[in-house]
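Comments concern the structure below.
Taken together, the values in this text are just the output of simple stated rules run on the coordinates, not laboratory data. No experiment lies behind these values; they were computed from the predicted model shown. Note that we place each Cβ from the backbone using ideal geometry, even for glycine, and neighbour counts take in every protein chain shown.
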Amino acid sequence: MSTAINRHKGNFTWERTEVLKYKEDGSPFKDVTRQILFEGRPDLPCQLRYFEVSPGGHSTLERHEHVHAVMVARGSGKVLVGEEIVEAGPQDVIHVPPDTWHQFRAVNGEPFGFLCLVNCERDRPQLPNDTHLAELRRNPRIKDFIRV
Ligand code: MN
């Protein structure tokens, strides 16, 4: 079998890639899977992941110093990035800057799948405490959007 290609099996799964739990650290989320499509190496120290949020699900509301470069690959959904909530669909590209609250939600009755590029060496996500949540909830749109 060629190692040059990790063939798509269909339905956003790949021959040599395991479908993993999104997170195992107890962070809150709903119906999200994770697949690692490229594992970094010293001369390319980044990881390419494919996340898929099932209809009605959401990723963890979090922030961290490392950045995300995201491209939507399947379906559509809504994304909180800082003060903004954006609708995103196939091939849209989303940049999550450092230290910026973000959350992905599959709100359109379809899976919301996206590629996400990160540095291998990265800080752990921070979850919002009560003070952060109170700040976030001052914006009524964000208040209604976030899931914790
Ligand atoms: Mn993140």
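When PRO98, PRO125 are screened for being within 15 Å of the ligand (Cβ to nearest atom) and more than 22 Å from GLN35 (Cα to Cα), only PRO98 passes. The residues in segment 95-148 that are part of a helix (DSSP H, G or I) and surrounded by 18 or more Cβ atoms within 10 Å (Cβ to Cβ) can be counted, and the count is 3. Filtering segment 71-88 to residues that are of a type in the set (Asp, Glu) and either surrounded by 14 or more Cβ atoms within 10 Å (Cβ to Cβ) or in a strand (DSSP E or B) (or both) leaves GLU84, GLU87. The condition (being out of contact with any Lys or Arg (no Cβ under 6 Å at 6 or more places or on another chain), away from the ligand (no atom under 15 Å from the Cβ), farther than 14 Å from ARG105 by Cβ and not charged (D, E, K, R)) is satisfied by just one residue among VAL93, VAL72: VAL93. For segment 65-108, the set of residues classified as closer than 17 Å to PHE29 by Cα and more than 13 Å from the chain's Cα centre (by Cα) consists of VAL107 only.
Hey, any hits in segment 63-70 for a residue that's within 21 Å of LEU20 (Cα to Cα) and crowded, with 17+ Cβ neighbours inside 10 Å? Scanning segment 63-70 turns up at least one residue that is within 21 Å of LEU20 (Cα to Cα) and crowded, with 17+ Cβ neighbours inside 10 Å.
Looking only at residues of segment 52-69 that are in contact with a Ser or Thr (Cβ under 7 Å, 6 or more places away or on another chain) and under 14 Å from LEU115 (Cβ atoms), we find that the one that is farthest from the ligand (Cβ to nearest atom) is GLU52. With the condition kept exactly as written, say whether any residue in segment 46-60 is more than 16 Å from ILE146 (Cα to Cα) and touching a His at 6+ places or on another chain (Cβ under 8 Å). Checked segment 46-60: no residue is more than 16 Å from ILE146 (Cα to Cα) and touching a His at 6+ places or on another chain (Cβ under 8 Å).
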